[in-house]
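Asker: Got a structure for you, questions after.
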Amino acid sequence: MKRAPPCAGDIATGRLTRDASFHSHDHDEPASSQSCSFEEYDERRLLLRLSIARPNPRSHREEYSSRHPVALDGDAPGHTLCLDSSALPYVERRVEHIGEPPSVVTLPRGPSDGRQMSVSTQPRVVATATATPPYVVGPDETRSYLRQVFGSSYPSFTRIDRMVEQTAIQSRYLTLPPAELVTQRDLADSNAFYLETARRLARTAAAEALDEADMPPEEVDAVVAVSCTGYAIPSLDVHLVNDLGLRRDTRRLPITELGCGGGTAGLALAGELVRARPGSTVLVVSAELCSNTFQPADHSWENVIAAMLFGDGAAAAVITDRPRHAGPALMAARSHLFPDTLDYMGYVLKSSGFHLVMSPRVPEMVRTEYRPLLTRFLAEQELRQQDLSFYALHPGGTKILRYYEEYVGVPSEWLAYSAAEMARHGNMSSASVLFVLDEIMRSNRLRDGDLGLLGSLGPGFCAEMLLLRWDE
């Protein structure tokens, strides 16, 4: 049954700043000059509608404006939001975001014992971590095993030898010794090995990321697990809940077919999950065993390229709007599917396992399509490319990195992070862009307010983009 709104004497105040901190005060200290009206107030919940102007990525001050249900004190440093402290134990505060696209988010129920609940206005990556398997191969070992496997189909070997050098890869981490990888295995055996090893690598990276974030496992509200190099039901996220000791009500979402684009898309999705449930924490984990898809009986040029490019690894990131550390805020995301490009990238599943599809037309897409797409994405945020201070891009290969510099205008100093990750680990599919982000976050080069782009390309053919802002 609806009741009248509480009178002014029952209203406690909360300070609304950029971090959207809500304080519960004692009833004996009412806000004498504050008023508050509500659209609906009943015994079960109190609904407050607060209009939030679209955040400006250039600024650290988001703008807030009032509609009818709440009173804001514009003269105060920040704004004063009236809350009924007696209702806090069962209050659901609905906040309507009026940017593009519109969304409605629900804040978690606030504490009733006077404790502060602090919620940032933008989800932030507060920690990252990576993990790699034990076996390492360099270019000389790569040439040796490629000659052993493919020598009969490429007797001169000149083309393969030249391509190994052009990759500029100095080391790759593999889940099995090369001598075992080059032997034929059936799908059942390789997939069983995938689950065992991916689970172990994912657990290692995730546990380290939570430790870096000072985040107890029981505070994780959702897990986004990204992997395209194996098949598992129950999925990898289920094993993470069990292995890390997460809550039994942890929300889970596996992303399994986005390929190299999955790392960026996983972070973007984590940001949306936090926006939908402010005050929550999302763990993103990518685990890829690219070498486990190697097909020694397939002598196609695509498979030869895959054998010299791809490596194995896992990476994790912790995203929350309760910042405990500096990190990149997730400001906006774009996913773009290019028409008539289904055969550009992906896997074909056969009885022997996953067979790579990789078109030589992919670099050309970067040359002709990426910059116009980036320009439109930034324009939607009222930004231009010169507003970007840093880039974290998936290192798809040396030609793609060169085209990013020549045709997209990415500064070489930031492409150096992508190139360095490619040289150290090869292409690890969805995990690679998280490895790049991890290095940039540890570089101490970013300053408060710096804007950046995180991006990767994947099957579809698609581009995944994420606008970042470094927040101290």
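Asker: Quick one: Trp301 ticks every box in (1) in contact (Cβ under 8 Å) with a residue 12 or more places away in the chain; (2) over 26 Å from Met465 (Cβ atoms) bar one, so which box is it?
Answerer: Looking at each condition in turn, Trp301 falls short on (1).
Asker: Specify the residue that is farthest from Met428 (Cα to Cα); the eligible residues are those in region 154-169 that are more than 31 Å from the chain's Cα centre (by Cα) and in contact (Cβ under 8 Å) with a residue 60 or more places away in the chain.
Answerer: Out of the qualifying residues, it is Tyr154.
Asker: Do we have any residue at all in region 162-170 that's in a helix (DSSP H, G or I), basic (Lys, Arg) and loosely packed, with under 15 Cβ neighbours inside 10 Å?
Answerer: yes
Asker: Continuing with this model, one more query. Let me confirm something: among Leu201, Leu236, Leu253, Leu240, which residue is closer than 24 Å to Pro123 by Cβ, among the hydrophobic types (A, V, I, L, M, F, W, C) and modelled with pLDDT of 95 or more?
Answerer: Answer to the selection: Leu240.
Asker: Need the failing condition index for Asp211 against (1) over 19 Å from Ser280 (Cβ atoms); (2) assigned to a loop (DSSP other than H, G, I, E, B), just the number.
Answerer: The single condition Asp211 does not satisfy is (2).
Asker: Across region 299-313, which residue is nearest to the chain's Cα centre (by Cα) among those that are of a type in the set (A, V, I, L, M) and over 11 Å from His425 (Cα atoms)?
Answerer: So the residue we want is Ala306.
Asker: I would also like to ask the following. Is it true that some residue in region 412-419 is farther than 30 Å from Met163 by Cα and among the small types (Gly, Ala, Ser)?
Answerer: No; the residues of region 412-419 include none that is farther than 30 Å from Met163 by Cα and among the small types (Gly, Ala, Ser).
Asker: Follow-up question, since we're still on this one. Considering (1) among the charged types (D, E, K, R); (2) in contact with an Asp or Glu (Cβ under 9 Å, 6 or more places away or on another chain); (3) not in a helix (DSSP H, G or I), say which one Arg203 fails and leave the rest.
Answerer: (3)
Matching residues to (1) within 30 Å of Thr398 (Cβ to Cβ); (2) not β-branched (Val, Ile, Thr):
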residue: Thr167; (1), (2): yes, no
residue: Pro177; (1), (2): yes, yes
residue: Val182; (1), (2): yes, no
residue: Ala198; (1), (2): yes, yes
residue: Asp214; (1), (2): no, yes
residue: Glu219; (1), (2): no, yes
residue: Gly259; (1), (2): yes, yes
residue: Glu272; (1), (2): no, yes
residue: Thr281; (1), (2): no, no
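Asker: Can you pull out every residue in region 339-374 that is in a helix (DSSP H, G or I), more than 18 Å from Gln385 (Cβ to Cβ) and charged (D, E, K, R)?
Answerer: Selection gives Glu364 alone.
Asker: Moving on. Looking at region 272-302 only, could you name the residues that are part of a loop (DSSP other than H, G, I, E, B), among the aliphatic types (A, V, I, L, M) and within 17 Å of Leu240 (Cβ to Cβ)?
Answerer: Passing the criteria: none in range.
Asker: Does Ala392 fit the bill of being farther than 16 Å from Glu302 by Cα and loosely packed, with under 13 Cβ neighbours inside 10 Å?
Answerer: no
The values are calculated or read from the model by the stated rules, or taken from the named source; none is laboratory data. Values in this document were obtained by computation on a predicted structure and should not be read as measured data. Methodologically, a virtual Cβ is constructed for each residue, glycine included, from the backbone with ideal geometry; neighbour enumeration extends over all protein chains shown.
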